[in-house]
Amino acid sequence: MSIPQYFELEGGDRMPRIGFGTWQASDEVLEQAVEAALAAGYRHFDSARAYENEAALGRALNRWIGNDPAKRKELFVVTKLPPGGNRPEHVQEYFDNSLKDLNLEYLDLYLIHTPFAFDHVPGDLHPKNPDGSMRMDHSTNLLELWKAVLKLKESGRVRHVGVSNLNEEQLARVCSVAKPACLQVELHVLCQQPSLVAAANKLGVPVVAYSPLGSKALADAKAAQTGQSYPDLLQLAEVQRIAQAHDRTPAQVLLRYNLQRGLASIPKSTNPARIKQNISVWDFNLSETEVSELAALDRGEKGRVCDFTFFVGADKHPEFPFKK
Ligand code: A2P
């Protein structure tokens, strides 16, 4: 089974189907990881204002680009509008700050990070009330926000715009204005979201999987918070058995499975050997039986790791995307 290495986007641009995730890495560690990723052949880098590491990513990318504009064109750089900027009048300011920190002339893709919004508090991307809950802004108008994000393209400083963490109904709604260049959501064997993926495919919206390896640190934090255990995807017996059969690692099986589902994935790693491993997923095939076995691991909503419970009060927002 031959799988295209890119999603073809408007204007002939191409988004690599294996990208490099950057959440939860400190600046120094991230810079080294990005260097290792570039050396391993990654060209798609996913970031977000909310990760507060755009400057470190920008430094590593700019060192690699040097004075060669052709090298910038090889890259596909993504960042996201944080929830605190989710109002039409704030989009430009947050976008400008991201571009400035990344120290780039243009972005390849800019995403609305979440459909829910926080208050705009300069200097604080995660504003909280005294009781620890988030300062939510319930006045969000998702379509007006989307129109403002679309408008960013007019400046030529962003080539594509898209969305993240939207549910099926929200995706259909934004598509009624204009099709996003992609939908980025959590996707892995325990949280496969078949209905959302089918809806995006039908609408012609490429889907990018975040936490494709199950984001162990986040899963552990969730388990500690809820008292419910959450399995390590890489340790699942089915995944391990299939990995052994192909002489591959469990991570490679999980990433290959996403590719065979027609998805892009943005795995995170700070370890050079694992960084290399995660992009070496083009030269083996999972059989139909193996695909069915992996499909059967889906736990639906229970399998979701990034359910935003760490943003206390987000679930009360009218655009909160997930079912309880
Ligand atoms: P590390 O940085 O030590 O490699 P996700 O992309 O789903 O958020 O998962 C990221 C987590 O998975 C990180 O803890 C990362 O740890 C780990 N990881 C990334 N690649 C691999 C791999 N090939 N094998 C095992 N663990 C991996």
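Would you list the P(r) distribution for region 253-324, with all Cα-Cα distances sorted into 10 Å bins from 0 and each bin expressed as a whole %?
Going out from 0 Å in 10 Å bins, region 253-324 shows 15, 33, 31, 18, 2 percent.
Given a 10 angstrom Cα cut-off, can you work out which residue in A314, A37, A237 is the most mobile in a GNM of the chain?
Judging by the Gaussian network model, the answer is A237.
If only Cα atoms are counted, what is the Rg of region 115-190, and what is its Dmax, in Å?
14.8, 42
Looking at region 17-121, which GluC sites (Glu not before Pro) are DSSP coil and have at most 16 other C-beta atoms within 10 Å of their C-beta?
E52, E105
Which Rg and Dmax, in Å, describe the Cα atoms of region 244-294?
Reported Rg and Dmax, both Å: 10.9, 33.
Fewest Cβ neighbours within 10 Å first, please rank Y94, Y110 accordingly.
Numbers: Y94 22, Y110 28.
Ranked by crowding around the Cβ, least crowded first: Y94, Y110.
How high is the relative contact order of region 166-243, in percent, counting Cα pairs under 8 Å that sit 6 or more residues apart?
Taking the mean separation of contacting Cα pairs over the length of region 166-243, I get 28 percent.
With a 10 Å cut-off between alpha carbons and a GNM built on the chain, which of G156, G19, G123 moves the most?
Greatest mean-square fluctuation among the candidates belongs to G123.
Comparing F284, F118, F45, which has the greatest mean-square fluctuation in the GNM of the chain with Cα pairs linked when under 10 Å apart?
Result: F284 has the largest fluctuation of those listed.
Please state, to two decimals, what the Cα-based radius of gyration of region 190-258 comes to when divided by 2.2 N^0.38 Å (N = residues).
1.29
Could you give the alpha-carbon Rg of region 180-324 over 2.2 N^0.38 Å, rounded to two decimals?
Dividing the Cα Rg of region 180-324 by 2.2 N^0.38 Å gives 1.06.
If packing is taken as the average number of other Cβ atoms within 10 Å across a peptide's residues, how do 204-213, 222-231, 56-65 rank, most packed first? It would help to have the intermediate numbers written out before the result.
On the way: 204-213: 23.0, 222-231: 12.5, 56-65: 19.7.
In decreasing order of mean packing, 204-213, 222-231, 56-65 become 204-213, 56-65, 222-231.
Say a paramagnetic label sat at a point 7 Å from the Cα of K153, along Cα to Cβ; which residues of region 4-29 have their backbone N under 12 Å from it?
Only 9-13 fall inside the zone, counting backbone N under 12 Å.
Determine the gain in length on full extension of the stretch L203-D220; use 0.36 nm per residue of separation and subtract their C-alpha separation, reporting nm with one decimal.
My answer for the length gained is 2.7 nm.
Could you name the aspartates and glutamates whose alpha carbon sits less than 14 Å from that of K100, not counting residues in the same chain fewer than 8 places away?
E52, E54
Please report the relative contact order for region 191-324, taking Cα pairs under 8 Å with a sequence separation of at least 6, and give it as a percent rounded to a whole number.
Relative CO of region 191-324 lands at 31 percent.
Given contacts defined as C-alpha pairs under 8 Å and at least six residues apart, what's the relative contact order of region 98-143, whole-number percent?
In percent, rounded to a whole number, it is 31.
Using only the Cα atoms of region 176-224, construct the convex hull and provide its projected area averaged over every direction, in square nanometres to one decimal.
Averaging across all directions leaves 4.1 nm² for the Cα convex hull.
Write down the percent of antiparallel bridges among all DSSP beta bridges whose residues are both part of the chain, to the nearest 5.
25
Need one number: % antiparallel among DSSP beta bridges in region 108-233, to the nearest 5.
Of the beta bridges lying entirely in region 108-233, close to 35 percent run antiparallel.
Using a Förster distance of 45 angstrom, determine the FRET efficiency expected from the C-beta separation of D232 and H138, and round it to 0.05.
0.80
In nm², what is the average projected area of the convex hull enclosing the Cα atoms of the chain? Walk me through the intermediate numbers first.
Numbers: hull surface 64.1 nm².
Average of the hull's projected areas for the chain equals 16.0 nm².
For M134, M1, what ranking results if the residue with the fewest other Cβ atoms within 10 Å of its Cβ goes first?
Ordered from fewest to most neighbouring Cβ atoms within 10 Å, M134, M1 come out as M1, M134.
How large is the dipole of the chain about the Cα centre if only Lys and Arg carry +1 and Asp and Glu carry -1, each at its Cβ, rounded to the nearest 20 debye?
Result for the chain is approximately 320 debye, rounded to the nearest 20.
Compute from the Cα atoms of region 1-78 the Rg and the Dmax, the latter being the longest Cα-Cα distance, and quote both in angstrom.
Over region 1-78's Cα set, Rg and Dmax evaluate to 12.9, 39 Å.
Quick note: the coordinates plus some simple rules give every number you see, no bench work behind them. Since this is a predicted model, take the numbers as computed values, not measurements. Don't worry about glycine lacking a Cβ; one is built from the backbone with ideal geometry, like all the others, and counts go over all protein chains shown.
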